[in-house]
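For reference, the structure is listed below as structure tokens.
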Amino acid sequence: MRYSESRESSAELLRLTLPLMAQQKSGFHPVSFTLWYEHLAGLNAELSRELTRRLEAQSPLTDDEAHELYARHIVARDMQTIQQLQERLRTLLEEAFQLTAQASDQTGQFERSLEATQQRLAAPSSLEGVRAVVSELLSESQRMQVLTQAVVEKLDVRAQEVGELRNALERAQSEALLDPLTGLKNRRAFERAVGELAHETAGMANAALLLIDIDHFKGVNDTYGHLFGDKVLRAVAHVLQANIKGRDLVARMGGEEFAILFVQATASGALAVAEQIRTAVAQGRVRSVAGEDLTGAVTVSAGLAVSLSGDSLENLIERADSALYEAKRSGRNRVCVAAAPAR
């Protein structure tokens, strides 16, 4: 959604939003801020009803609840906006088609008129008769010129509207499919992109899925604050982005969980990249908001699943998730590879 509040109005909304966010258990992150901003700005009636009930019940939102509300009331609305823009675009294209069809009909009539005029001139005729034919031809030409100009002007207006809609559609699609904190694809965008790849490459052949989870992330937030937690999420996202290539896909699946789909990968190659990621995060130099050196305080666990014949994304996620659970259970800060299922 594109917000239209002035700088002064948005500053006042910021002042009012922060005390409400402070009452919640969720962090001071863009997801939470968007919820309370839209509530106070009166932009989202259904969301406001839910938040008002929570305030009256003195029931603070957790991070999971904030993300759930965001998905239900912000992302879903933005997807509806995209559908409305697409429908308007289809209408404009239909109108443009009708205009060109009308112009074509008028051109056909003009051609028939010219043929009739040509036949009349071929027959013997008086000077008055020739003068009448010329007059009719001039009148018909002027009428055609006016009609053509009108169609051109209407098409110009439609073209401008289509351009504006295209820009709005691109903005809405981008906002609806990107995680606002890290800039990575969100889960919906990831699943859509995987579906397109699977269609193009005849399934998930030669793919590998890596699920990554930040270790003890709640403890990181509780100890160093949510601002530092957001910094950690962005830093991990940067590491992941730096370790993909070609058509590989990376996304934030929600909370502190990320995913990478290696489109063309061997088991050994995908495992090597997974270890590079784990090592880069563990050795990454990070500082708390207060400037304290926290190198080594952030680690990740990961589960890797290599695709088998006939695998779907759901199959891969299930196996990678099991491997991720094993990595956590066996001490964290490690990568575990899913065993091939029994056939």
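Brief remarks on what is shown
- Flag if GLY195 is assigned to a helix (DSSP H, G or I), at pLDDT below 70 and either within 26 Å of GLU256 (Cβ to Cβ) or not assigned by TED's automatic domain parsing to the domain that holds GLY303 (or both): no
- The one condition in (1) more than 24 Å from LEU178 (Cα to Cα); (2) at pLDDT 85 or above that GLY255 fails to fulfil: (1)
- Condition check for LEU233: on the phi < 0 side of the Ramachandran plot, part of a helix (DSSP H, G or I) and in contact with a Ser or Thr (Cβ under 9 Å, 6 or more places away or on another chain): yes
- For LEU261, the criteria (1) within 24 Å of the chain's Cα centre (by Cα); (2) in a helix (DSSP H, G or I) hold in every case but one, which is (2).
- The range 11-32, subset in a loop (DSSP other than H, G, I, E, B) and at pLDDT 85 or above, residue farthest from LEU233 (Cα to Cα): GLN23
- Check on ALA168, buried (at least 16 other Cβ atoms within 10 Å of the Cβ), under 30 Å from VAL250 (Cα atoms) and modelled with pLDDT of 65 or more: no
- Qualifying residue in the range 210-224 (condition: farther than 29 Å from PHE28 by Cβ, surrounded by 18 or more Cβ atoms within 10 Å (Cβ to Cβ) and either of a type in the set (A, V, I, L, M) or touching a residue at least 40 places away in the same chain (Cβ under 8 Å) (or both)): yes
- Across the range 277-304, the number of residues qualifying as touching a Lys or Arg at 6+ places or on another chain (Cβ under 7 Å) and exposed (fewer than 15 other Cβ atoms within 10 Å of the Cβ) comes to 2.
- Residue within the range 14-23 that is surrounded by 15 or more Cβ atoms within 10 Å (Cβ to Cβ) and within 16 Å of HIS67 (Cα to Cα) present: yes
The values are calculated or read from the model by the stated rules, or taken from the named source; none is laboratory data. Everything quoted here is computed from the prediction, not taken from an experiment. Don't worry about glycine lacking a Cβ; one is built from the backbone with ideal geometry, like all the others, and counts go over all protein chains shown.
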